[in-house]
Amino acid sequence: MKCRKAEKLISKLLDERLEEKSLARLEAHLKVCPSCARLLQDYKKMKKLMSEGKIESEPLPYFAERVKARLATESRPSIWAAAERWYAAAVPIFLVIATILVGALLLFQPSPKQYSQAEILLFQNQSPLKETQAIFEEEKPENRQLKLLFAGLESQETVRRGK
Amino acid sequence: MTEAKKSENGMDEHQMVKLAQRGDEEAFTALVKAYQARVCGLAINFVHNRETADDLAQEVFLKIYMSLQKFRFQSEFGTWVYQIAINHIRDYLRKHKKEKDDLRLEDIPEIKAEDKEVSLQLAENQEEERRKALLWQKLEEMPEKYRLILSLRDIQGLSYEEIGKILKLSPGTVDSRLHRARRLLRKKLAPVLSQGGGLK
């Protein structure tokens, strides 16, 4: 057995994870290799030193009580924590919905309505009948014909634009 | 981790966690008492200062309290506690990389001849302190992954299986990493372990 392999087995031996067969091989090696026998002692000393470190790792007095006191001051009641979680989730959702709504409003804005001459006159508080009446009251027939022609053209234009 | 299964009032750990999740402070305090030594021990292995380790451990338990609702019993509670503690300690080390206010070998006075004459016991204690200081110093020089596995196995005394669960490693990886960590530490500690011992 090579010394490197023996060192690996020594590490396993410390953890009591060495199979009988390997243990026998290691013991045979340790008998003929003083260097590895010393290595085993070193590992044992090191492990003892490490385990002694655990004794010093006891917490300072009243640890649990101090944690409890910090919880009282630093942690908020669960209802607030839940509200905060809800708020944190609600804000991005709200922003997404608002963006969609604004986008939809901008996309589907109705095109400006085309008003007919009669509607324009009505909005201007002028009766459309007055214009018709003025055509019929025209004395000269050629003027009446022209006015009728223009009125007809205007109404056709309005229909076309409405389409 | 197994000794933490029952609290002082004999209640099952699972029940205590459930109660703590419902806001029972007494149950949470019982859980703190069950794990405080382990969390403090882990912290002190990395910061080597009891006050800092105590602060870190308190912060770990505050984190645990805040995250209790997220614990779904998919692992052992102890495994989860260790994972939170390790992550918190790693964060601390990352933030305080350059701060070195921890115990140093130089802080422990050399033993003088007259001290030995005055009190052999005192000299032995000092020697012991020097050995421990050297151990901490050498541990600190090691890569974090080796320091962590040595701390969990050789100081905390966790089993290979528990370490595997905490660090999310296979038993084979735990075995090989532990061996490499021990070999490295043994080389670093050679002066105090034996004069000229070990492999060439």
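Every read-out reported here was derived from the displayed coordinates using simple, explicitly stated rules and does not represent laboratory data. Remember, predicted model here, so these are calculated numbers, not experimental data. All Cβ positions, even for glycine, are placed from backbone atoms using ideal geometry, and neighbour counts span all protein chains on display.
Under 20 Å from a point 7 Å along the Cα-to-Cβ line of B:H14: which residues of segment B:49-80 have their amide N that close?
In segment B:49-80, the label zone of B:H14 (backbone N under 20 Å from the point 7 Å along Cα→Cβ) covers B:68-80.
Sorted by mean Cβ packing within 10 Å, highest first, what order do the peptides A:16-27, B:44-55 take?
The packing order, highest mean first, is B:44-55, A:16-27.
Would segment B:13-77 count as rounded, prolate or oblate if I go by the C-alpha gyration tensor, calling it rounded below 1.5 in a/c and otherwise prolate when a/b exceeds b/c, oblate otherwise?
prolate
Taking each residue in A:61-74, count the Cβ atoms of any other chain within 10 Å of its Cβ, then average. What number comes out?
5
Return the distance in nm (one decimal) between the two label points of a simple spin-label model at B:T173 and A:R70, each offset 7 Å from Cα along Cα→Cβ.
Simple spin-label model gives 3.0 nm for this pair.
Roughly how crowded by other chains is peptide B:54-62, in terms of the mean Cβ count from those chains within 10 Å of each of its Cβ atoms?
Across B:54-62, the average partner-chain Cβ count within 10 Å equals 4.
HN-Hα J couplings of segment A:7-15 from phi, Karplus 6.51/-1.76/1.60, θ = phi - 60°, integer Hz, Gly and Pro as x?
Each residue's phi maps through the Karplus curve to give 5, 5, 5, 4, 4, 5, 4, 4, 8 Hz.
Hey, if you put +1 on the Cβ of every Lys and Arg and -1 on every Asp and Glu Cβ in segment A:3-55, which of A:L23, A:S35, A:I10 ends up farthest toward the positive end of that dipole?
A:S35
Between B:A190 and B:K63, take the C-beta separation as r, use R0 = 35 Å, and let me know the FRET efficiency to the nearest 0.05.
Efficiency, from the Cβ-Cβ distance: 0.35.
Under the Karplus relation 6.51 cos²θ - 1.76 cosθ + 1.60, θ = phi - 60°, what is the ordered set of whole-Hz ³J(HN,Hα) values for segment A:33-38, x standing for Gly and Pro?
Per-residue couplings from phi come out as 10, x, 5, 6, 5, 5 Hz.
For Cα pairs less than 8 Å apart in space and 6+ apart in sequence, what is the mean separation divided by the residue count of segment A:3-55, i.e. the relative contact order in percent?
38
What list do you get for B:T79, A:T99, A:T132 if you sort them by fewest beta carbons within 10 Å?
Ranking B:T79, A:T99, A:T132 by Cβ neighbours within 10 Å, fewest first, gives A:T99, A:T132, B:T79.
Could you work out the local net charge near B:T79, counting Lys and Arg as +1, Asp and Glu as -1, over the other residues with Cβ closer than 11 Å to its Cβ?
So the environment of B:T79 carries a net charge of -1.
Counting only other chains, and only Cβ atoms inside 10 Å, what mean value do you get across the residues of B:145-151?
The mean count of partner-chain Cβ atoms within 10 Å per residue comes to 1.
Strictly over 32 Å apart at the Cα level, which of B:K70/B:K187; A:K8/B:K132; B:K70/B:K138; A:K21/A:K45 would you flag in this model?
Over 32 Å apart, Cα to Cα: B:K70/B:K187; B:K70/B:K138.
Can you compute 3J(HN,Hα) from phi for each residue in segment B:16-28, using the Karplus curve 6.51 cos²θ - 1.76 cosθ + 1.60 with θ = phi - 60°, rounded to whole Hz and x for Gly and Pro?
So the Karplus estimates, Gly and Pro as x, are 4, 5, 4, 5, 4, 5, 8, x, 6, 5, 5, 5, 5 Hz.
Nearest 0.05, what FRET efficiency do A:L153 and A:L101 give at R0 = 51 Å with Cβ-Cβ as r?
Calculated transfer efficiency: 0.70.
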